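The values are calculated or read from the model by the stated rules, or taken from the named source; none is laboratory data. Worth saying up front: this structure is predicted, and the values here are computed from it rather than measured. So basically every Cβ, Gly included, is an ideal-geometry build from the backbone, and we count neighbours across all protein chains shown. When the accessible area is computed, the model is the full protein with side chains, heavy atoms only, and any ligands, DNA or RNA have been set aside. Shrake-Rupley method; radii C 1.70, N 1.55, O 1.52, S 1.80 Å.
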Amino acid sequence: MKNRVEVERVLEQAIRNSEAYKDVGKLADYIPELANVEPDNFGIALVDVDGEIIVKGDDEIVFSIQSISKVIDLIMALEDVGREEVFSKVGMEPTEYKFNSIRPISDKAANPLINAGAISTCSLIRGSSTQEKFDRVIEKIGSLSNSEDVRFLEHIFLSEMETTDINRSISYYLKSIGIIDNDAEEVLELYVRNCSIGLNVKQLAHIAAVLANGGRSLDGKEQLVDKEVVKITLALMAACGMYEESGQYLVEVGFPSKSGVGGAIIGIVPGKCGICTYSPRLDRSGNSVRGLKVLEEISKTLNLNIFI
Ligand code: GLU
C-alpha cells in the first residue's frame, strides 16, 4: 500500500466522525441472542489485494456473519451446479421488500442476497448430508479468509432455529413450488448454520480482498473462486447487497457490498481492496448505522467509488 499513512489517517477520521451516530439504531433482537451482543463494539479492517492490512477498533471480536453468508452460499451454488441451474431457481433483480419477506416470491425469489434467495442457493450446495455441506462451507470460508479459525456460534444458531418461523415458512413454500428439491427442514438448517458462522473484521476483509482480486489468493498462487463466479457475485452485491437501500448505497458509497443483521458490512473495491466494518446498531433496513457512515466517508475521501 503506497499511501498507508494517508489511509490510516482517513480511517481514523471517519471513525471519529461516526462517533456522533454511536447510539443511533437498534440491535437485531428478533434473533434473541443478537440482543445480547455489546452494542458499542466497533471495528474496521481494510486489506489490499497484496494482503497488506490496516485495522482499527475491536478487530478481534467474533460476531455472526448473518446475511454475509449469502455471498458464500451464492459462490458455492454457482461453483457446484453452474450459472444456468442457479438462475433457474433464483432471480437477479433487487427488491423493495424486506430481506425476510415471503411476498416477492411468485415463481422464484427476487435475488440470492435476500433470505428466500439464499435458502434457494443453499439447496444447491453439494454434499451427502447437512453436516457435509456445512463442512464444505466452513472449508471455503477458511480458504477465502486464509484462516483456520472459522467458528460456528452454536448459541446464535439455536436461538435463530427456535424463532425462525418466517424462514421456515419460506423454505416450505419454496419446496411446494418446486424450487427446492431436497428436504425443506434440512435446507433451512444449512441456511441458518451458515448465518451463525463467527468471524472477525480481519477475516471478512480478507475474503472481500480475495473477491477484489478477481478470486485469486492474495499471494497470487491460487484461483480460489472462478473469475466468472466473482463477476456475477459482485454484480449482484452491487445491485442487491444492502437490502432495500441498495440503490441509495450504491450512489453514496459506490462499490459492491453486503451487510448482515449481525452488524457487519463487507465492501469490495475491485482491483484495490476489501473492507469490513462491524458495529451492531442497525437502521430500519438492517444495515449497520455506523458502518454506513464510515464506508461513505472513506469511499469519498479515498475515491473508492467504482463509477467515477
Ligand atoms: N439469519 C438472518 C435471518 O435469516 C439473516 C438476515 C440478515 O442478516 O439479513 O433473518
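Rounded to the nearest 0.05, what FRET efficiency do Asn36 and Lys2 give with R0 = 51 Å and r taken as the Cβ-Cβ distance? Could you check?
Once rounded, the FRET efficiency stands at 0.75.
Which whole-angstrom value gives the distance between the alpha carbon centres of the range 240-274 and the range 106-176?
Spelled out, the Cα-based centre of one part sits 20 Å from the other.
Given only helices, namely DSSP H runs of n ≥ 4 each adding -39500 (n - 2.57), what is the per-residue ellipticity at 222 nm of the chain, to the nearest 500 deg cm²/dmol? List each step's numbers first, then the result.
Values: 12 runs with 139 residues, N = 308.
Computed mean residue ellipticity for the chain: -14000 deg cm²/dmol.
Going through the cross-link list Lys26/Lys293; Lys2/Lys22; Lys175/Lys202; Lys221/Lys300; Lys89/Lys221, which pairs have a Cα-Cα distance over 25 Å in this structure? Could the numbers behind the result be given before it?
Values: Lys26/Lys293 15 Å; Lys2/Lys22 31 Å; Lys175/Lys202 37 Å; Lys221/Lys300 32 Å; Lys89/Lys221 34 Å.
Over 25 Å apart, Cα to Cα: Lys2/Lys22; Lys175/Lys202; Lys221/Lys300; Lys89/Lys221.
Once fully extended, how much extra length lies between Arg83 and Arg151, figured as 0.36 nm per residue of separation less the alpha-carbon to alpha-carbon distance? Before the final figure, lay out each step's value.
On the way: separation 68, 0.36 × 68 = 24.48 nm, distance 2.93 nm.
Here the answer is 21.6 nm.
So which GluC sites (Glu not before Pro) in the range 93-174 end up in coil per DSSP with only 12 or fewer other C-beta atoms within 10 Å?
On the way: sites: Glu96, Glu132, Glu139, Glu148, Glu154, Glu160, Glu162; in loops: Glu96, Glu148.
Listed in order of number, the matching sites are Glu96, Glu148.
Size of the dipole of the chain about the Cα centre, Lys and Arg at +1 and Asp and Glu at -1 on the beta carbon, nothing else charged, in debye to 20?
Numbers: 33 positive and 47 negative charges, 151 e Å.
Result for the chain is approximately 720 debye, rounded to the nearest 20.
Val24 versus Arg284, label points 7 Å from Cα toward the beta carbon: distance in nm?
Taking the two extended label points, one gets 1.4 nm.
Report the accessible area of Ile72, computed with a 1.4 Å probe over the heavy atoms of all protein chains in place, in Å² rounded to the nearest 10.
10 Å²
With +1 assigned to the C-beta of every Lys and Arg and -1 to the C-beta of every Asp and Glu, and no other charges, what is the dipole magnitude of the range 1-59 about the Cα centre in debye, to the nearest 20? All intermediate terms of the calculation are to be shown ahead of the outcome.
Numbers: 7 positive and 14 negative charges, 52 e Å.
In total the dipole reaches around 240 debye.
Assigning unit charges at the beta carbon (Lys, Arg +1; Asp, Glu -1) and nothing else, what dipole magnitude in debye, to the nearest 20, does the range 89-238 show about its Cα centre? Let's see the in-between values first.
Working: 17 positive and 21 negative charges, 94 e Å.
Result for the range 89-238 is approximately 460 debye, rounded to the nearest 20.
Hey, what did the chain get for relative contact order, percent, Cα under 8 Å, at least 6 apart? Don't skip to the answer; put the middle values down first.
Values: 627 pairs, mean separation 85.3, N = 308.
Relative contact order for the chain comes out at 28 percent.
Just check the range 1-111 against the gyration tensor rule for me: Cα atoms, a ≥ b ≥ c as the square roots of the eigenvalues, rounded for a/c under 1.5, and otherwise prolate or oblate depending on whether a/b exceeds b/c. The partial results should precede the final answer.
Values: a/c = 2.45, a/b = 1.48, b/c = 1.65.
Note, shape of the range 1-111 comes out oblate.
Quick check: from the Cα gyration tensor, does the range 59-111 come out rounded (a/c under 1.5), prolate or oblate? Please list the in-between numbers first.
Values: a/c = 3.32, a/b = 1.31, b/c = 2.54.
Since a/c reaches 1.5 but b/c is at least a/b, the shape of the range 59-111 is classed as oblate.
List the GluC sites (Glu not before Pro) within the range 14-60 that DSSP assigns to loop and that have no more than 12 neighbouring Cβ atoms inside 10 Å. Present the calculation step by step, with values, prior to reporting the outcome.
Details: sites: Glu19, Glu33, Glu52, Glu60; in loops: Glu52, Glu60.
Filter output for the range 14-60: Glu60.
Output the antiparallel fraction of DSSP beta bridges having both residues in the chain, as a percent to the nearest 5. All intermediate terms of the calculation are to be shown ahead of the outcome.
Working: 27 of 28 bridges.
Beta bridges within the chain, antiparallel portion: roughly 95 percent.
Using only Cα atoms, tell me the angle between helix 184-195 and the longest principal axis of the chain; keep it within 0 to 90° and round to the nearest 10.
Value to nearest ten degrees: 10.
Rounded to the nearest 0.05, what FRET efficiency is calculated for Glu185 and Met92 with R0 set to 41 Å and r the Cβ-Cβ distance? Don't jump to the answer; show the numbers that get you there.
Numbers: r = 28 Å, r/R0 = 0.67.
Once rounded, the FRET efficiency stands at 0.90.
In nm, give the distance between the simple-model label positions of Glu296 and Ala235, each being 7 Å from the Cα along the Cα-to-Cβ direction.
Modelled inter-label distance: 2.9 nm.
With θ set to phi - 60° and the Karplus curve 6.51 cos²θ - 1.76 cosθ + 1.60, what are the ³J(HN,Hα) couplings of the range 10-17 in order, to the nearest whole Hz, using x for Gly and Pro?
My calculation for the range 10-17 gives 5, 4, 4, 5, 4, 5, 4, 5 Hz in order.
Which peptide among 259-272, 235-248 comes first, and what is the full order, when sorted by highest mean count of other Cβ atoms within 10 Å?
Working: 259-272: 25.4, 235-248: 21.2.
Those peptides, ordered most packed to least, come out 259-272, 235-248.
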